[in-house]
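K.L.:
Got a structure here, written out as C-alpha cells. Questions coming.
Coordinate-derived values only; no laboratory data. Please read these numbers as outputs of a predicted model, since none were measured by experiment. Methodologically, a virtual Cβ is constructed for each residue, glycine included, from the backbone with ideal geometry; neighbour enumeration extends over all protein chains shown.
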Amino acid sequence: MLDQRQRLNLLLAALPGLLIMLFAWHLASQRALDEAMREGRHRLDMHAANLAATLDQYRYLPYVLSLNHDVLALLDAPADAARRDLVNRYLDDVNTRSHTAALFVTNADGKALASSNWRSPYSFVGNSYAFRPYFLDARAGQPGRFYGIGTTSRDPGYFLSWPIRKLDGNVIGVAVVKVSLSPLEAAWRKGGEAILVSDRHGVAFLSAMPEWKFSSWQPLPGAVQSQLIRTRQYEGATLHPMPLQPRQAGWLLPLDAPALLGGRFLRLDHALPDSGWTLSLLLDMRAWRDGLLTQLAAALASYLALLALWHYRRQRWRRLTEQLAARQALQQAHDNLERKVAERTGELASANQRLSAEIAERQRTEDNLRATRSQLAEASKLAAMGQMAAGIAHEVNQPLSALRTFTENAGTLLERGQPERVADNLQQILQLVDRMAHITGDLKTFARRNRAEQGRADIAAALRGSLRLLEPELSAAGIRASLQLAPDCPPVPGDMTGLEQVFTNLISNALAALRGQPNAVIHFRLECTEGEAVLQVTDNGPGFAETDLPHLFEPFFTTKPRGYGLGLGLAIVQEIMAQSGGDIRAANLPAGGACFTLRWPLKAPHEHH
Ligand code: ADP
C-alpha cells in the first residue's frame, strides 16, 4: 500500500506530533498526579484528625478514675473484697457507658486490682502489667499511652494511663483505659480507604487491610525487637515485612512519578506527634493510571486518525496537482499543435498565394505564347498560302503547258490529216484534265472542310462506299482489300461524305505505296468498345521513313514527286477526324508497312465529363 519513501515521510510527519503528544501527556499526567495527591492528602488530614479526636476522646478517662474515692480507698486496702467489688462494678459501668474496651486499676507494682471485665474469663484482675510501658510511664508520674495486643484478651487496643496519687503526691497506683480501635479500622475498610497506622519503629499496627497488619516498613533492629518482646506489645502476632514494596510504576507514568507500593499505591504520610505514630494513606493509582492510559490511547487514536486524514488529503492533493499538471501539459501540447497548424496554414496560404501568382504568371506566359503562336500561325498560313499558290501554279502550269502542246499538236495533226494520232493526243489531254480536276478537287475539299455538317455516320457503310468507288483502280493494281469489321458498331460523329473522304484518301495513299508490290493487301479492322470506335488501316507496303513520321499530317508534306500530290490528303483526314472529336495516328508495323489508327468517341463530346 505504502512504499518505502511514503512510509518514511509518514514517520517523519508523525514524529513531531508524537513528541508533542508525549510532552502534553507528561504534563497532563503530572497534573493528574498532583491533583490525586492533593486530594489524597486532604483525605489523610481528615482521617488523622478523626484518629486524634478518637484518641483524645478518652484521654480524660484515666484521670477521672484516678480521682475516684472508691478507687483510692481500694488502693488503701487492696484486700478488701467489698471495696474491690464496688470498684469493679463502677469500672464496668463507666466502660459500658463510654464504649471503651476495658477500664482497670493497678497498684504501684502493676498488679490489676479491679477491672471492668472482672466477670469475664479474661479478667485482668490479679494480672501484673508492670512490664507495660503505659504502666511504667504512669508509675513515673507521667500519663502513658500505648498501643499493643492485650496479653490476656489477645485483643489489640490503645491503652491510656494516669498515675493515681495520694494527697502527698506519691503514686500509689495506675488507672488504665483500653480503647479498641477496631471500629475505626472497620470504618476505613467500609469507606474503601487503604489506611494504616504505624508506630515509631515502622510497624503497622492498624490497617484497613488485614494482610498489611503487623507488617513493618523496614527490618527491625535487634534493640527494637527485644524491646517489643519485653513490652509484649504485639505478643502473639507475627511481624512480617510489608508485602507492598515500592516499585516504579512503569514507563507510561510521568518520568518523575514517585515509586508506587506494589506498583499500585502511592503512600501519603501524616505524622501524629503526640504518639509518634504515622498515619499512612495508600492511594490506589490503578484507576488513575488506567484513566490516563485511556486518555493517552484516545489521544493517540485521534492523532493517528488526523494523521491518516492528513496523509489521505495530501495524497489526494498530490493526485489533483498531478492531474492538473497533466491537463496543463495536454493543453500546452494542444496549443502548440494549434499554433503549428496555424503556422502551417499560414505557410500553406502564402504557398497558395505564390502558386496562384505562379499560375497567373504561367497563364500570362501561355497567353503570350498563344498570341505568338496565333501570330506564327497567321504567318505560317500566309507562308502556306504562298507555298500552296506556288504548288498549285506548278501543278496547274505543267498540265496547262502540256495541254497547250497537246492541243497545238492535235491541231497540227488535224491539218496534216493524221486523225488517228489526234485521238492519241486527245487521250493524253484527257489524262491531264483529269489530273487538274483531281488537283482542284483536293483544293475544293480543303477549302470546304470547315463547313462540314456534323451528324452521325456509319463507319462500315462509308468504308464500303469508298472501296466501291476505288475498286477499279485497286483491282487494276492487283491490290486486295481485307475487311474485319465489328458488327453493330454505333455511328460516329461526322457526316458520310467526310468519312468517305477520309477513307478515300487513306486508300489512295496505300494504292500509291503498294504499286508494284506483290500480294499487296490493305487491311481494315474495326473494333467498338463502350467508349470509342477504333479503325486500323494497314498495308504491306514500304511504310514511312522514321524522319517523315512527325510531318505526315502537315499540310503540303509529301514525298511524292512534283505533280503527283499536294501533301494535303492526310492534313484533310486529320482535320475531319478532329471535327468528329477523334484523332488519327500513323506508325510502322513491326513487319514493315504503314499503320493508321483512327479513333472516334462513341459519345458526343458534350456527353463527356
Ligand atoms: P500526297 O498523297 O499528296 O503526297 P498525303 O498527305 O496524302 O499527300 O501524303 C503525305 C505522304 O505520306 C505521302 O507523300 C507519302 O510519302 C506518305 N504516305 C501516305 N500514305 C502512305 C502509305 N500507305 N504508305 C507509305 N507512305 C504513305
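K.L.:
Using just the C-alpha positions of segment 1-151 as equal point scatterers, what log10 of I(q)/I(0) does the Debye formula give at each q in 0.18 1/Å?
P.N.:
Here log10 of I(q) over I(0) equals -1.08.
K.L.:
Using label points projected 7 Å from each Cα along Cα→Cβ, tell me how many nm separate residue 416 and residue 56, to one decimal.
P.N.:
20.8
K.L.:
Nearest 0.05, what FRET efficiency do residue 424 and residue 603 give at R0 = 41 Å with Cβ-Cβ as r?
P.N.:
Result of the calculation: an efficiency of 0.10.
K.L.:
Take the chain, mark every one of the GluC sites (Glu not before Pro) that falls in a DSSP loop and has at most 16 other Cβ within 10 Å, then report the longest stretch left between them, sites excluded.
P.N.:
Between the exposed loop sites, the longest stretch runs 1-234.
K.L.:
Which of 188, 118 has the fewest other C-beta atoms within 10 Å, and how do the rest follow up to the most?
P.N.:
Placing the least packed residue first, the sequence is 118, 188.
K.L.:
Here is a follow-up. Report the rotationally averaged projected area of the chain based on its alpha-carbon convex hull, in square nanometres.
P.N.:
Mean projected area for the chain: 66.3 nm², to one decimal.
K.L.:
Still on this structure: Going by C-beta contacts inside 10 Å, put 238, 597 in order with the fewest on the left.
P.N.:
Fewest-to-most ranking of 238, 597: 238, 597.
K.L.:
Taking 45 Å as R0, compute the FRET efficiency from the Cβ-Cβ separation of residue 86 and residue 43 and round it to 0.05.
P.N.:
Calculated transfer efficiency: 0.45.
K.L.:
Return the distance in nm (one decimal) between the two label points of a simple spin-label model at residue 130 and residue 344, each offset 7 Å from Cα along Cα→Cβ.
P.N.:
The modelled label-to-label distance comes out at 13.4 nm.
K.L.:
Got a sec? Which residues in segment 28-46 would a label at residue 287 touch, if it sits 7 Å along Cα→Cβ and we count backbone N under 13 Å?
P.N.:
Residues 36, 40 fall inside that zone.
K.L.:
Can you tell me which lysines have their Cα less than 27 Å from the Cα of residue 213? Leave out same-chain residues fewer than eight positions away.
P.N.:
Leaving aside lysines fewer than 8 places away in the same chain, those within reach of residue 213 are 178, 190.
K.L.:
How big is the dipole moment of the chain about its Cα centre under a simple scheme where the beta carbon of each Lys and Arg is +1, that of each Asp and Glu is -1, and everything else is neutral? Debye, nearest 20, please.
P.N.:
About 3480 debye.
K.L.:
Which of the trypsin sites (Lys or Arg not before Pro) across segment 482-571 are loop residues per DSSP, with 14 or fewer other Cβ within 10 Å?
P.N.:
515, 562
K.L.:
While we're on this one: Name the residue from 19, 392, 241 whose Cα lies farthest towards the positive end of the charge dipole of the chain, charges +1 on Cβ of Lys and Arg and -1 on Cβ of Asp and Glu.
P.N.:
241
K.L.:
Now, a different point. May I ask you to evaluate 6.51 cos²θ - 1.76 cosθ + 1.60, the Karplus curve with θ = phi - 60°, for each residue of segment 55-61 and list the ³J(HN,Hα) values in order in whole Hz, giving x for glycine and proline?
P.N.:
5, 4, 3, 10, 5, 6, 4
K.L.:
Select from 549, 521, 537 the residue farthest towards the positive end of the dipole of segment 511-558; place +1 on Cβ of Lys and Arg, -1 on Cβ of Asp and Glu, and compute about the Cα centre.
P.N.:
Selected residue: 521.
K.L.:
Counting other C-beta atoms within 10 Å, which of 67, 12 has the fewest, and how do the rest follow?
P.N.:
Sorted ascending by nearby Cβ count, the order is 12, 67.
K.L.:
Same structure, new question: Given points 7 Å out from each Cα along the Cα-Cβ axis, report the residue 7 to residue 589 separation in nanometres with one decimal.
P.N.:
In this crude spin-label approximation the distance works out to 9.9 nm.
K.L.:
Over segment 167-253, with a single point scatterer placed on each C-alpha, what log10 of the ratio I(q)/I(0) does the Debye formula yield at q = 0.11, 0.13, 0.25 1/Å?
P.N.:
Values, matching the q order: -0.46, -0.59, -1.26.
K.L.:
Could you tell me which Cys residues in the chain have no other cysteine's Cβ under 4.7 Å from their own Cβ, answering none if every one has a partner?
P.N.:
595 - these cysteines have no disulfide-compatible partner (Cβ-Cβ under 4.7 Å) in the chain.
K.L.:
Using the charge dipole of the chain (Lys, Arg: +1 at Cβ; Asp, Glu: -1 at Cβ; taken about the Cα centre), state which of 346, 65, 310 has its Cα farthest towards the positive end.
P.N.:
Working it through, the farthest residue towards the positive pole turns out to be 65.
K.L.:
Here's another thing I want to ask about it. What does the helix-only formula give at 222 nm for the chain: each DSSP H stretch with n ≥ 4 adding -39500 (n - 2.57), the total divided by the residues, and the result rounded to the nearest 500 deg cm²/dmol?
P.N.:
-19000 deg cm²/dmol
K.L.:
Still on this model: For residue 166, which aspartates and glutamates qualify as cross-link partners when the Cα separation must be under 19 Å and same-chain residues fewer than eight apart are set aside?
P.N.:
Reachable aspartates and glutamates: 70, 76, 80, 109, 137.
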